[in-house]
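The values are calculated or read from the model by the stated rules, or taken from the named source; none is laboratory data. Small disclaimer: the values here were computed from a predicted structure and weren't measured. Backbone-built Cβ (ideal geometry, glycine too); neighbour counts: all protein chains shown. Surface areas here come from the heavy atoms of the whole protein model, side chains and all, with no ligands, DNA or RNA. Shrake-Rupley method; radii C 1.70, N 1.55, O 1.52, S 1.80 Å.
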Amino acid sequence: MAVGIIDLGIGNINSVEKALKSLGADVTVASDFSALTQASHYILPGVGSFAAASKALMEKGGVNTLEALVCDKPVLGICVGMQLFARCGQEHGNNPGLAWVDGDVTGLATELPLPHVGWNDITPLNNCPLFIDMPLQPCFYFTHSFGFAQVASEQAAALCTYGEPFVAAIQVGRRYAVQFHPEKSQQLGLLLLNNFLRYGSLMLRTRVIPVILIDGFSVIKTCQFNVRRNLGNPIQVVRTYNSRNVDELIILDIDAQKQNRTIDLWTIRDITEDCFMPLTIGGGIQTLEDIRQTLLAGADKICLNTQALLNPQLITQAAEQFGRQCIVVSVDVVWREGRAYVHNPRVPTGQLLVCDWLEQVQELGAGEILITSVACEGTMAGPDMALLNLIQGRVNIPYIYCGGVKQPSDCVDIIQQGAHAVAASSIFHFTSITPEECKRAMSHEGIAVRLF
């Protein structure tokens with residue numbers, strides 16, 4: 001394993017180099033970036049101030065030069081190296097960073113003595129591969145006075161508390177960073193460095209998710225939420241998707257809410273007998289007990305729509321009790337006079353702007369959002385690019401776009417516009433195109449997907 005240590009003249013290079021060599025890595029240390037081009041992994045260490053690190057980086061060509069070096073290879077920032085991932089740092093004035101994460105470096109918000117020096121527990125988040133095979137709250141060595149108070153939720157890989165919580169680790173694709181010193185953290189530190197070498201190239205795979213609509217007991221397909229076609233037994237449909245190794249399934253009972261009932265739990269139990277992929281269930285869920293029963297019946301996640309609008313605090317309560325990773329909020333969208341509004345029979349059209357609701361949903365604690373364009377749903381006329389453009393950059397948690405997919409290249413366009421996953425139905429029900437074909441088109445364009 002060829003590891004390049006980027007020497008900006010601010011790092012504890014020797015300790016990092018020795019730790020990596022003890023793991024069998026072939027290590028090159030250089031301040032000249034051209035000497036590091038053959039590395040498969042990069043380390044950006046740092047001890048000292050953000051201002052000095054920023055100055056050293058800019059003297060070596062700045063962001064573009066470092067981007068050209070690391071490209072899409074794994075990078076691990078350590079201490080000030082992590083802080084350089086920021087948009088800017090406020091230590092000794094405002095100084096620019098790499099802007100690899102959505103956050104700034106500020107002084108630690110604590111009444112405890114600074115710097116924060118010594119061993120402290122962290123809480124890993126978001127299944128970051130750096131913490132594979134570690135305790136639930138591993139302990140590492142820290143020494144710093146500045147850091148990230150917060151970053152985008154999907155970028156936070158671990159939190160730590162020193163009086164007040166701060167971000168202890170970050171992951172953005174193959175770019176990782178830790179505020180502590182793994183090279184000084186004994187066995188767990190060496191394990192983290194080894195995990196970086198072993199798993200650092202892994203990337204979260206973009207999902208293509210079939211949607212199954214049911215009316216209680218039968219699969220149906222709608223067009224623009226109106227015209228219905230009956231497609232038969234949901235168990236048989238699930239078996240078909242299971243044989244095709246799809247990434248995930250979403251099953252929504254679209255009549256449950258208006259019939260004042262929950263989705264039939266016996267149907268869900270029957271489905272899960274033949275479902276060996278992650279399963280999101282929605283329809284008529286109104287209470288925490290409904291959520292509990294749906295999860296016990298075999299759902300991995302539940303989907304809220306109408307009840308989230310009527311009782312937004314249910315989102316927060318559900319996230320606190322079951323974990324936000326279980327809570328998907330479905331948002332249906334219509335356009336009126338050039339503006340995008342939430343569509344729901346219980347909310348007058350034109351009352352709630354989509355962007356306002358998306359902001360609330362995130363603040364309330366949803367783990368994921370399913371966004372459906374009503375005008376495109378079931379049409380196979382192409383995705384709603386205006387909607388994708390509107391919400392680009394406004395959603396900081398994973399979101400799934402649904403509506404209008406007619407060909408595999410549409411999935412590429414949707415992901416390139418910022419969606420984290422693509423959901424579709426008609427294309428899989430009524431054409432010979434499979435989810436696997438969609439993912440192969442995405443892979444061809446450099447989008448990381450799971451292929452068989």
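If the condition is being in a helix (DSSP H, G or I), closer than 28 Å to LEU353 by Cβ and either polar (S, T, N, Q) or touching a residue at least 60 places away in the same chain (Cβ under 8 Å) (or both), then the range 270-310 contributes THR306, GLN307. Annotation note: Cβ proximity below 8 Å between a residue of the range 79-107 that is without any contact (Cβ under 8 Å) to a residue 24 or more places away in the chain and a residue that is open to solvent by less than 20 Å² (accessible area, probe 1.4 Å) (sequence gap 6+ or interchain) occurs for ARG87/GLY97; ARG87/VAL101; ARG87/GLY103; CYS88/GLY97; CYS88/VAL105. Of the residues screened, LEU69 is one that is farther than 21 Å from ALA149 by Cβ, in a helix (DSSP H, G or I) and within 28 Å of the chain's Cα centre (by Cα).
Okay, residues lined up against (1) under 22 Å from GLU377 (Cβ atoms); (2) in contact with a strand residue (DSSP E or B) (Cβ under 7 Å, 6 or more places away or on another chain):
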site: PRO234; (1), (2): yes, yes
site: TYR241; (1), (2): yes, yes
site: ILE254; (1), (2): yes, yes
site: ARG269; (1), (2): no, no
site: CYS275; (1), (2): no, yes
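Take THR110 and tell me if it is at pLDDT below 90 and surrounded by fewer than 21 Cβ atoms within 10 Å (Cβ to Cβ). Against the criterion (at pLDDT below 90 and surrounded by fewer than 21 Cβ atoms within 10 Å (Cβ to Cβ)), THR110 qualifies.
Only helices (runs of 4 or more DSSP H) whose full extent lies in the range 388-452 are considered here, and the ones with at least 2 residues that are of a type outside the set (Asp, Glu), farther than 22 Å from VAL328 by Cβ and open to solvent by 60 Å² or more (accessible area, probe 1.4 Å) are 435-444. When GLU17 is tested against the conditions (1) in contact (Cβ under 8 Å) with a residue 24 or more places away in the chain; (2) surrounded by 20 or more Cβ atoms within 10 Å (Cβ to Cβ); (3) out of contact with any helix residue (DSSP H, G or I) (no Cβ under 6 Å at 6 or more places or on another chain), the lone failure is (1). Against the conditions (1) at pLDDT below 90; (2) more than 30 Å from SER373 (Cβ to Cβ); (3) among the charged types (D, E, K, R), where does GLU154 fall short? Just the number, please. Answer for GLU154: the failing condition is (2). In the range 270-284, the residue that is farthest from the chain's Cα centre (by Cα) out of those that are within 20 Å of VAL211 (Cβ to Cβ) and open to solvent by 10 Å² or more (accessible area, probe 1.4 Å) is ASP270. Is it the case, given these coordinates, that ASN230 is part of a loop (DSSP other than H, G, I, E, B) and either free of Cβ contacts under 8 Å to residues at least 24 places away in the same chain or on the phi > 0 side of the Ramachandran plot (or both)? No: the conditions fail for ASN230.
On the stretch given as the range 207-234, residues that are open to solvent by 20 Å² or more (accessible area, probe 1.4 Å) and more than 30 Å from the chain's Cα centre (by Cα) total 11.
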